[in-house]
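The values are calculated or read from the model by the stated rules, or taken from the named source; none is laboratory data. Predicted model, so just to flag it, every value in this text is computed and none were measured. Cβ sites come from the backbone with ideal geometry, for glycine too, and all protein chains shown count toward neighbours.
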Amino acid sequence: MIKSMMPDIIDFIKTEALAKKMTSEEIANHFGYDKYHFSRKFKEINGFSIAEYISSLKIEKAVTAIDQPKKMIELQDISEFESSSSFTNTFKKFTGSAPKKYKNEMTELFSEVKSFESSNEYHAVEYYEKQDASYCNVTVEVPENFDKGLFFIGLFRTPIPNHRPISGIATKRTKLNVLKNVPNGEYYLLVCAIDRSTNIFSYFNLQNCLRGRVMEKLSFPECSGERYTVKLRPPIPEDPPILLSVAKLLISSLKNTI
């Protein structure tokens, strides 16, 4: 029953619960469920907890407004956090940088990403947690109007890309993409694409970027050597936020600083 209601639940969280600062128990009660049953089914259906989802939505609101000339306290208010420490710590956890540093990094990272994007080389930039034997192959299908941008392909612990991928690549090609050094475990294969743009914020606010995923959780080493095709599409209301700073991840990988 909860599964069929999930689009309505997600919409309610985004449009009402967040603004009213409702707890998971209050959200559960709104839909007539016990807190523990509701929380358990929410995570079972979506692959992430309701608390993580709400925190991710809050950080997305901050990222969406970070290019505006606002003070950090104003960003905290916009994102519905009660304290500055909670806001800063969560922002850094999900994006890789504290809010002020994230904003200061944007110009430098944009310049370097554009340099990589315009180069004639089509090699993939790899990033992974540790050396391992497992791997998988990924082909990306894009809409006809996609303007040769960047693809970010990664294996993540949850369907919300708010943490560094277990294994991933940044690439300009749709085929011959290999995720290497995948440690044993279960992961979600997620892909997003960023159009070429002269707007610096297009590379940091990924709210409207194309995305796609393999719906089932992939288990390694069982899936090692498998081939997957991910068809990209515009975002839909049920999609979780993309919070990882892919620009920072790309540049860090190029400089071998990860």
Quiz item: Which residue, of 64, 107, 88, is under 30 Å from residue 22 (Cβ atoms) and in contact (Cβ under 8 Å) with a residue 40 or more places away in the chain?
Solution: 64
Practice problem: From (1) more than 12 Å from the chain's Cα centre (by Cα); (2) surrounded by 13 or more Cβ atoms within 10 Å (Cβ to Cβ); (3) among the hydrophobic types (A, V, I, L, M, F, W, C); (4) over 18 Å from residue 107 (Cα atoms), pick out the condition that doesn't hold for residue 236. | Solution: (2)
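Could you tell me which of the residues 41, 58, 70 is not assigned by TED's automatic domain parsing to the domain that holds residue 190 and not in a helix (DSSP H, G or I)?
70
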Self-check item: Output for the stretch 203-251, where each listed residue is polar (S, T, N, Q) and either touching a residue at least 40 places away in the same chain (Cβ under 8 Å) or not assigned by TED's automatic domain parsing to the domain that holds residue 175 (or both)
Solution: 205, 207, 224, 229, 245
Self-check item: Hey, residue 197 surrounded by fewer than 17 Cβ atoms within 10 Å (Cβ to Cβ), without any contact (Cβ under 8 Å) to a residue 24 or more places away in the chain and not aromatic (Phe, Trp, Tyr) or not
Solution: no
Quiz item: Pick from 33, 53: which is surrounded by 14 or more Cβ atoms within 10 Å (Cβ to Cβ) and over 21 Å from residue 94 (Cβ atoms)?
Solution: 33
Self-check item: Subset of the stretch 79-96 (residues that are among the aromatic types (Phe, Trp, Tyr) and either closer than 18 Å to residue 247 by Cβ or surrounded by fewer than 18 Cβ atoms within 10 Å (Cβ to Cβ) (or both))
Solution: 91, 94
Quiz item: Exactly one of (1) more than 20 Å from the chain's Cα centre (by Cα); (2) in contact (Cβ under 8 Å) with a residue 40 or more places away in the chain; (3) not assigned by TED's automatic domain parsing to the domain that holds residue 198 is unmet by residue 133. Its number?
Solution: (3)
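Given the criteria under 13 Å from the mean Cα position of the chain (by Cα) and either of a type outside the set (Asp, Glu) or modelled with pLDDT under 95 (or both), does residue 247 qualify?
Yes; evaluated as a whole, the condition is true for this residue.
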